[in-house]
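Below is one structure; the comments refer to it alone.
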Amino acid sequence: MATVANRKGNRSNSSAILNIRDLHVYYGQSHALQGVNLVLEKNVLAVVGRNGMGKTTLCNTIMGLKSSQRGSIRFHGEEISNMPPHKVTARGVAYTPQGRRLWHSLTVDEHLKLSANGIGLWSIDRIYDTFPRIYERRRNRAGQLSGGEQQMLAISRALLQNPELLVLDEPTEGLAPIIVNQVENILSELVQENDVSILLIEQNISTATSISEDIAIMVNGRIDRVLPSRELASDLTLQQQLLGVGRHAHESQTASPETVQQPEIESSETEAEQSEDAIVDTEPEQLLTPPANLIYVPPTRWSSSEWKRNDGPLEKVPQFTSEKILERPFDKKTEPLFKEPTNTLKQFQREEVFVVGTFDTKGKELNYIRDLILEQGSKVRTVDLSTSGKLSSADVPPHQVASHHPKGPSMVFTDQRGASVREMGLAFERWILYQRDVGGIISAGGSGGTAMATPAMRSLPVGIPKVMISTVASGDVGQYVGPSDIMMMYSVTDIQGLNQISMQVLANGAYAIAGMMNSSYKKTTKSQASAAKPCLGMTMFGVTTPAVQQISTLIEEKYECLVFHATGTGGRSMEKLADSGMLAAVIDLTTTEVCDMFVGGVFPADEDRFGAFIRSGIPFVGSVGAMDMVNFGARETVPEKFRQRTFVEHNPQVTLMRTTAEENSQMGEWIAGRMNEMNGPVRFLLPEKGVSALDAPGQPFHDLEANQALFEALKRNIKETGQRRLISLPYHINDQGFAEALVDSLDEINKIGKVTQHAAF
């Protein structure tokens with residue numbers, strides 16, 4: 001196998017990384033690639049096109065998985081067409097195939113060890129630094145990962161070949177939009193920072209145009225044209241012609257719009273049509289302009305393409321920008337506010353208080369806090385997050401923290417303050433994951449110091465004391481606190497020098513963290529801990545309150561019931577406790593946050609919903625509470641496109657919208673997929689007579705058809721086993737009988753997955 005050094009030494013002077021000329025590929029009599037010409041100079045080139053146009057065939061041919069009958073494929077000037085796959089890889093080309101092709105029985109770590117060749121800059125350690133989510137899941141089997149995590153693993157496996165060219169076939173296929181955005185960011189960073197070029201095969205125009213400067217359009221096994229991505233993103237007509245409504249020469253020129261969308265060519269059992277991109281040999285497409293009274297709506301991840309009538313003149317149809325064409329409800333959501341800890345609370349020794357901040361500007365104030373904590377008898381370690389590059393008197397200097405940045409300390413110490421703050425926050429978050437002796441953490445600072453310290457605080461398990469004294473603590477602190485148990489104190493004055501006011505506020509913070517360190521969790525005896533009831537998490541909304549009250553009464557002798565309001569943050573908080581090892585079981589009654597995630601409401605879950613239960617394997621009982629509704633703000637804030645839907649004004653600030661059968665079907669399929677990833681005991685119960693107080697006879701959201709779509713999607717997609725069962729019951733969700741069934745299910749699965757005591761504080 002060629003080394004990375006040998007690869008570069010053997011390169012020709014050709015400027016093109018990949019040069020494809022007149023490439024022809026057949027499957028039997030089917031002419032799949034019909035004279036493809038394509039040049040990748042550097043960075044990213046995206047190839048887009050409809051299904052069956054030959055995109056996957058192109059990838060397979062480049063990698064030597066499919067033979068070409070004519071033409072040339074040159075990589076850095078060297079001919080690689082019809083070269084065996086292992087030799088293509090040895091020359092510096094790596095492949096992430098469509099569908100990821102992982103071994104579901106192998107762990108993340110086992111995948112990476114099998115792929116690592118020990119050559120070049122990419123190692124397993126660097127993979128874990130670059131993809132912290134993968135590090136967190138390193139002991140999990142691939143079959144237990146979410147779609148986004150699987151894609152990260154597939155890309156990681158390819159990077160371990162230390163490629164110069166990465167061929168990616170549909171890397172965002174099947175991913176929730178919020179994860180699509182994360183994949184886009186990862187790919188952009190790889191190109192910018194690691195001297196890796198990418199040939200990207202995509203159907204998602206948003207992804208293709210956001211990553212690549214140029215777009216190649218593939219039509220009927222040919223590259224129809226190459227154009228700037230900005231041009232394609234802003235030209236709706238061109239998208240219609242090339243990607244949505246192209247027609248073959250044999251079709252009638254007078255066909256109605258309803259017949260424009262032709263079904264995919266069905267495949268037989270032949271080798272040709274086993275290929276995902278097998279196509280028939282046809283004449284070039286003849287492109288038609290749509291009738292003036294019709295508007296073509298491009299496909300999305302959640303809907304197929306369609307024609308809609310335009311009531312007004314054509315000139316009034318909006319000329320969409322790329323942002324408007326590609327806008328999705330998820331795009332306006334912020335990234336998840338926390339990352340789950342790698343260890344549970346009981347795995348921390350909790351011996352020291354970490355005093356954290358920028359010692360170059362806040363040294364006096366932070367040392368004042370340190371001294372007061374020492375006076376209270378607690379051990380202290382000071383950690384400097386300064387980005388100035390100055391010498392530090394702290395126990396942990398900034399360069400030591402910055403060394404944990406996945407791309408090295410040079411990313412932290414820059415002349416751009418905003419970037420330095422962001423990257424130091426990332427480095428600190430990585431650094432603290434290795435500190436098992438942290439018993440508490442306190443920081444003091446302005447907006448920059450707060451932004452650097454709080455991501456690490458959020459990454460720690462619930463129960464470890466966290467205090468943040470900040471100038472921004474009087475405003476909206478959700479972005480800093482997330483679902484964690486950070487205590488924020490407003491500094492009143494700026495944290496700049498010691499004075500009568502600042503000394504009092506800082507002292508209060510110091511005494512608070514010292515008090516928490518020396519409080520009841522250290523003094524709790526083993527007998528007290530063993531006598532405590534195990535904790536059970538349960539989700540609730542106003543419309544499922546009767547059910548929660550009944551369940552709480554039924555289990556109060558066995559469990560300490562922790563109820564979480566299903567407002568997005570509530571679900572994340574419950575899962576944060578599960579990740580921290582503090583929940584013995586869960587009755588996830590109210591899963592309405594999934595509705596807001598899919599449709600664009602104000603209380604959304606994120607793509608990791610149910611992830612904590614997948615990771616922990618704790619006993620899980622779930623249902624579909626309040627999945628009849630999407631939450632918006634005041635009525636006037638509801639998006640215009642929903643104005644004809646059914647609404648209920650919950651209060652002047654909250655408007656509820658009924659979900660549709662189509663939305664429920666999509667959500668049911670997604671939830672089923674998450675249930676299938678759970679290896680612990682699972683029972684998922686369906687209330688056939690209604691899923692909320694508003695979904696009952698005579699109530700505004702009563703819609704049996706919409707509910708049935710949800711139930712049927714779950715029934716079709718959940719894979720039942722001895723541990724995982726789906727149960728339909730002739731009850732309304734707030735009926736006493738349904739509450740009893742939930743509790744009975746919990747008792748049943750506790751016999752399968754033995755309940756353990758929650759970690760004591």
Roughly speaking, what is the stretch gain from Lys407 to Arg101, that is 0.36 nm per residue apart minus the C-alpha to C-alpha distance, in nm to one decimal? 107.4 nm
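Taking R0 as 30 Å, what's the FRET efficiency between Asn750 and Leu562 from their Cβ-Cβ distance, rounded to 0.05? Intermediate results must be reported in sequence, preceding the final value.
Working: r = 17 Å, r/R0 = 0.57.
Given R0 = 30 Å and the Cβ-Cβ separation, E is 0.95.
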Region 530-752: antiparallel DSSP beta bridges as a percent of all, rounded to 5: 30
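Tell me, what is the FRET efficiency for Gln69 and Asn117 to the nearest 0.05, using R0 = 30 angstrom and their Cβ-Cβ distance as r? Walk me through the numbers before you get to the answer.
Working: r = 32 Å, r/R0 = 1.07.
So, using R0 = 30 Å, E works out to roughly 0.40.
Contact order normalised by length for region 530-752, with contacts defined as Cα pairs under 8 Å and 6 or more residues apart; what percent is it? Intermediate results must be reported in sequence, preceding the final value.
Numbers: 455 pairs, mean separation 46.7, N = 223.
For region 530-752, the relative contact order is 21 percent.
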Between Gly633 and residues 5 or more places away or on another chain, which pairs have amide H atoms under 5 Å apart, with H built 1.01 Å from N, and which residues are they? Thr655
Sequence order, region 688-705: Karplus ³J(HN,Hα) from phi using 6.51 cos²θ - 1.76 cosθ + 1.60, θ = phi - 60°, Hz rounded, Gly and Pro as x, gives 5, 9, x, 10, 7, 4, 8, 10, 8, x, x, 9, x, 9, 5, 8, 5, 5
FRET E, pair Gln736, Glu662, Förster distance 30 Å, beta-carbon r, rounded to 0.05: 0.40
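Once the piece of chain linking His24 and Glu110 is laid out straight, how much longer is it, given 0.36 nm per residue of separation minus the C-alpha distance between them? Walk me through the intermediate numbers first.
Working: separation 86, 0.36 × 86 = 30.96 nm, distance 3.78 nm.
Going from the current span to full extension adds 27.2 nm.
Which of the residue pairs Lys55/Lys576; Lys576/Lys719; Lys533/Lys689; Lys113/Lys379 have a Cα-Cα distance greater than 31 Å in the structure shown?
Numbers: Lys55/Lys576 41 Å; Lys576/Lys719 26 Å; Lys533/Lys689 34 Å; Lys113/Lys379 40 Å.
Among Lys55/Lys576; Lys576/Lys719; Lys533/Lys689; Lys113/Lys379, the Cα-Cα distance tops 31 Å for Lys55/Lys576; Lys533/Lys689; Lys113/Lys379.
In nm, what is the difference between 0.36 nm times the number of residues separating Gln400 and Thr637 and their Cα-Cα distance?
Numbers: separation 237, 0.36 × 237 = 85.32 nm, distance 4.75 nm.
Here the segment from Gln400 to Thr637 would lengthen by 80.6 nm.
Using alpha-carbon pairs under 8 Å, 6+ residues apart, how would you state the relative contact order of region 419-516 in percent?
Numbers: 139 pairs, mean separation 25.8, N = 98.
After rounding, I find 26 percent.
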How do 49-55, 414-420 rank on mean C-beta neighbours within 10 Å, highest first? 49-55, 414-420
From the backbone phi of region 643-656, what are the Karplus-calculated ³J(HN,Hα) couplings (6.51 cos²θ - 1.76 cosθ + 1.60, θ = phi - 60°) in whole Hz, Gly and Pro given as x? 4, 8, 7, 8, 10, 10, 7, 5, 7, x, 9, 10, 10, 9
For region 484-491, in order, what is each residue's ³J(HN,Hα) by Karplus, 6.51 cos²θ - 1.76 cosθ + 1.60 with θ = phi - 60°, in whole Hz (x at glycine and Pro)? 8, 10, 6, 9, 10, 10, 6, 6
Residues with amide H under 5 Å from that of Tyr95, placed H, sequence gap 5 or more: Val167
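Using Cα pairs closer than 8 Å and at least 6 residues apart in sequence, work out the relative contact order for region 345-523, in percent. Walk me through the numbers before you get to the answer.
On the way: 353 pairs, mean separation 44.8, N = 179.
This gives 25 percent for region 345-523.
Rank by packing, highest mean first: peptides 205-217, 427-439, 724-736, with packing defined as the count of other Cβ atoms within 10 Å averaged across residues.
Details: 205-217: 22.3, 427-439: 19.7, 724-736: 18.1.
Per-residue Cβ counts within 10 Å, averaged per peptide and sorted highest first, yield 205-217, 427-439, 724-736.
Only the coordinates and a few stated rules stand behind these numbers; no lab work does. All values reported here derive from a predicted model rather than from experimental measurement. Reconstructed Cβ throughout: ideal geometry from the backbone, glycine too, with neighbour counts over all protein chains shown.
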